[in-house]
Amino acid sequence: MRTELRAARETDLAQVVPLLYESAGAMYDRYAGGRRYALRVLERGFARPGTNASAEVVTVASLDGRVAAAMAAFPVDELPARARSFLRLTLRSIPPWRIPGCLRLYWSGLRAPPAPPGSSLYVDAIATEPALRRRGAASALLDEAERKARELGLPAVALDTALDNHAARALYLERGFEEVAYRPAGRGLPGFVALVREL
């Protein structure tokens with residue numbers, strides 16, 4: 001199978017949004033109040049510039065013309081503004097009784113993963129269709145993240161994942177990332193590990 005990379009298009013919404021959700025489904029469910037609301041928020045975030053799920057920051061990997069994987073990545077200094085934009089969108093998209101829980105998770109979630117290095121390209125989400133895993137799509141996206149970081153003059157690519165996501169951690173280590181910080185589980189949130197690949 002041949003892997004092709006391209007920028008996401010608005011017409012990719014139906015294929016990309018479930019992948020963005022897959023990257024952290026349990027957290028999105030808690031944040032938005034369930035899968036239905038989480039997918040609605042991600043759909044709106046994908047369609048709106050300036051969020052951490054916007055089509056403008058998503059790269060798609062296709063295998064023989066089929067969307068196989070997606071990655072949302074941007075310079076880490078854009079993270080606060082993109083996260084706030086996503087929060088505002090969420091608050092307009094969920095029922096009012098879900099708002100207190102959403103805000104609690106937003107504020108605790110900001111501190112849950114270790115902070116990425118200030119001068120890096122941050123991979124906010126990356127996921128592959130389950131039936132198309134282990135065919136190189138995620139590796140191609142990580143190579144693209146490295147290329148983008150170099151293009152922007154950034155010296156590193158950073159990401160984080162759950163401590164218990166052993167498959168993802170193994171992939172990242174194989175791709176040259178180093179585990180640089182850990183945050184144990186607590187306050188109802190899973191443990192996280194931060195990874196960095198210096199360029």
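The values are calculated or read from the model by the stated rules, or taken from the named source; none is laboratory data. Keep in mind that what you see is a predicted model, and the values were worked out from it rather than measured. Glycine gets a Cβ as well: all are built from the backbone with ideal geometry, and neighbour counts include every protein chain shown.
Annotations for the structure displayed:
- Residue list for region 17-59, restricted to those being among the hydrophobic types (A, V, I, L, M, F, W, C), surrounded by 22 or more Cβ atoms within 10 Å (Cβ to Cβ) and farther than 27 Å from residue 3 by Cα: 32, 38, 41
- Those residues of region 1-35 which are in contact with a Leu (Cβ under 7 Å, 6 or more places away or on another chain), β-branched (Val, Ile, Thr) and in a helix (DSSP H, G or I), in sequence order: 17
- Every residue from region 173-199 that is in contact with a Pro (Cβ under 8 Å, 6 or more places away or on another chain), over 23 Å from residue 147 (Cβ atoms), in a strand (DSSP E or B) and not β-branched (Val, Ile, Thr): 181, 182, 183, 192
- Applying the condition of being among the hydrophobic types (A, V, I, L, M, F, W, C) and in contact (Cβ under 8 Å) with a residue 60 or more places away in the chain to region 163-194 and asking which residue is surrounded by the most Cβ atoms within 10 Å (Cβ to Cβ) yields 193.
- Filter result (over 25 Å from residue 153 (Cα atoms) and in a strand (DSSP E or B)) within region 119-137: 127, 128
- Pairs where the first residue, in region 47-66, is on the phi > 0 side of the Ramachandran plot and the second is of a type in the set (Gly, Ala, Ser) and in a helix (DSSP H, G or I), C-beta under 9 Å, 6+ apart: 50/81; 50/85
- Residue among 88, 98 that alone is assigned to a helix (DSSP H, G or I), among the basic types (Lys, Arg) and modelled with pLDDT of 95 or more: 88
- Among all residues of region 138-152, there is none that is modelled with pLDDT under 95 and not in a helix (DSSP H, G or I).
- Qualifying residue in region 64-77 (condition: basic (Lys, Arg) and under 24 Å from residue 147 (Cβ atoms)): yes
- Residues located in region 153-172, provided they are under 17 Å from residue 24 (Cβ atoms), assigned to a loop (DSSP other than H, G, I, E, B) and not hydrophobic (A, V, I, L, M, F, W, C): 164, 165
- Screening residue 78 on (1) exposed (fewer than 13 other Cβ atoms within 10 Å of the Cβ); (2) within 22 Å of residue 17 (Cβ to Cβ) shows it passes everything except condition (1).
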